[in-house]
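The values are calculated or read from the model by the stated rules, or taken from the named source; none is laboratory data. Not measured: the values here are computed from a predicted model. A quick note on method: Cβ atoms are made from the backbone with ideal geometry, for glycine too, and the neighbour counts reach across all protein chains shown.
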Amino acid sequence: MSYWYAVQAKPRKESAVLSAFQRVGLEGYCPRVHQRKRRAGKKVSKESPLFPGYVFVRLQFLRDYPKIRWTPGMVRVVTSGGEPAQISEELLAEIRRIERAGTGLRLLHASRIMPGSRVRIVGGPFAGFEGQVAAHLSGGERIRILLELFRRQAALDCDPELLRPVAAAGGRP
């Protein structure tokens, strides 16, 4: 039986890795979203991976891994406890939902959320996720939060208006 696995790719090599998987007859998936960014003072829309540096592949691990082991641009299969980590169909369905909804990232002024604090995303496709504020970006127009995904931390740059402080164990945010 085949399962989905997350594969780490070299920076900006997601498409090349997906193409290589397809050439050997395997189903690959790299969720993509449109993000609005500022370049030279102008707002531009750019399609980019939802999880930069990661793609998904469906395979029967023992049978198919030798086909992809030396794929150019591939770093490794994500593992947990030394074993390849299977990605559930439910998680992939949720990722597809997020991809369809888009990231909802907009360039707005940052609120008073401080680096190191815990926040919950209250709107957009990542609503309900919690993470830790890593930094204010682009002159305070976005906030980078660290989320726990695939048993690893992943950075998400988002609109500060979508964030709310999470109450600490003592009851204070």
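Structure values in brief
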quantity: Some residue of region 32-50 being closer than 24 Å to R97 by Cβ, in a loop (DSSP other than H, G, I, E, B) and modelled with pLDDT under 95; calculated: yes
quantity: Candidates G53, G28 - the one that is within 30 Å of P66 (Cα to Cα), among the small types (G, A, S) and at pLDDT 95 or above; calculated: G28
quantity: Count of region 130-143 residues which are modelled with pLDDT of 80 or more, buried (at least 17 other Cβ atoms within 10 Å of the Cβ) and within 23 Å of R100 (Cα to Cα); calculated: 2
